[in-house]
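The values are calculated or read from the model by the stated rules, or taken from the named source; none is laboratory data. The structure displayed is predicted, hence computed values, not measured ones. Positions of Cβ are backbone-derived with ideal geometry, glycine not excepted, and every protein chain shown enters the neighbour counts.
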Amino acid sequence: MQMELIWGIVLSPNKDMLRVLYLAAQFLYIFQNVFLIFAAMVAAAIDLKTRTIPDKLNIFLAAVGLVFTGLSCVISYMAGAGITGVYDKALGVVAAGLPLYIAAFATNGGIGGGDIKFMAAAGLFLGWKKALAALFISFAGAAVVLVLLIAFKVWRKDTPVPLGPFFLIGILTSVLLL
């Protein structure tokens, strides 16, 4: 039986290697979720201040999401599971971005391009189920706040609503509870 030495630990080829790959996958999952939450916090703060989510942040988030997706595919392939998760992540981009794009078109630009690109990039991290959940939670939270602002006559129709903080709430909820 052939043994392999990794980090000074002798591993048998099957069981111990799978344990290492499982731990690597768990670390990657936790790290990518922490990164996504941090990026959502930055986007929320910028959106509150400027009413935009910058393209540089969205491009960086998408690039890091692609790297994490690639790493998770390599780990699952090494574990013998094939390249699982690629379709889930690709559908996450569509599930998060397409409804926002349709809403932006239906409202004549009521939702900005930065919002669409940010949630599409977040879909790379979340996958399609969590992306849809984050989107639903975000819009439900925004609707509740807008109803309250309208009821107390604080909000006017011509005032833009920053969606970044609501995306943060949706992403936090979907990552931590689903």
### Query
Based on what the data block shows, is Ala96 of a type outside the set (D, E, K, R), out of contact with any strand residue (DSSP E or B) (no Cβ under 8 Å at 6 or more places or on another chain), under 21 Å from Ala40 (Cβ atoms) and without any contact (Cβ under 8 Å) to a residue 12 or more places away in the chain?
no
### Message
With the structure loaded, tell me whether Ala40 is out of contact with any strand residue (DSSP E or B) (no Cβ under 6 Å at 6 or more places or on another chain), of a type in the set (Gly, Ala, Ser), surrounded by 16 or more Cβ atoms within 10 Å (Cβ to Cβ) and assigned to a helix (DSSP H, G or I) or whether it fails that test.
### Response
yes
### Query
How many residues does the stretch 56-73 contain that are exposed (fewer than 14 other Cβ atoms within 10 Å of the Cβ) and β-branched (Val, Ile, Thr)?
2
### Task
Give the residue that is surrounded by the most Cβ atoms within 10 Å (Cβ to Cβ), with candidates limited to residues of the stretch 142-171 that are among the aliphatic types (A, V, I, L, M) and over 20 Å from Leu100 (Cβ atoms).
Leu149
### Query
Which of the residues spanning the stretch 70-110 are over 25 Å from Tyr22 (Cα atoms) and at pLDDT below 90?
Thr107, Asn108, Gly109, Gly110
### Query
Condition test on Ile53, is it crowded, with 18+ Cβ neighbours inside 10 Å, touching a residue at least 24 places away in the same chain (Cβ under 8 Å) and over 20 Å from Ile171 (Cβ atoms)?
no
### Query
Is at least one residue of the stretch 101-122 over 21 Å from Phe38 (Cβ atoms), among the hydroxyl-bearing types (Ser, Thr, Tyr) and surrounded by 14 or more Cβ atoms within 10 Å (Cβ to Cβ)?
yes
### Query
Looking at Gly127, Gly80, Gly141, which is the one that is assigned to a loop (DSSP other than H, G, I, E, B) and of a type outside the set (Ser, Thr, Tyr)?
Gly80
### Summary
Considering residues that are touching a residue at least 40 places away in the same chain (Cβ under 8 Å) and among the aromatic types (Phe, Trp, Tyr), the number found within the stretch 99-134 is 3
### Query
Scanning the stretch 68-93 for residues that are of a type in the set (Ser, Thr, Tyr) and in contact (Cβ under 8 Å) with a residue 40 or more places away in the chain, which turns out nearest to Lys15 (Cα to Cα)?
Ser76
### Query
What is the residue count in the stretch 43-53 for residues that are within 26 Å of Leu176 (Cβ to Cβ) and either within 13 Å of the chain's Cα centre (by Cα) or not in a helix (DSSP H, G or I) (or both)?
2
### Task
Check the stretch 88-95 and report whether any residue there is of a type in the set (Val, Ile, Thr), surrounded by 14 or more Cβ atoms within 10 Å (Cβ to Cβ) and either in a helix (DSSP H, G or I) or touching a Pro at 6+ places or on another chain (Cβ under 7 Å) (or both).
yes
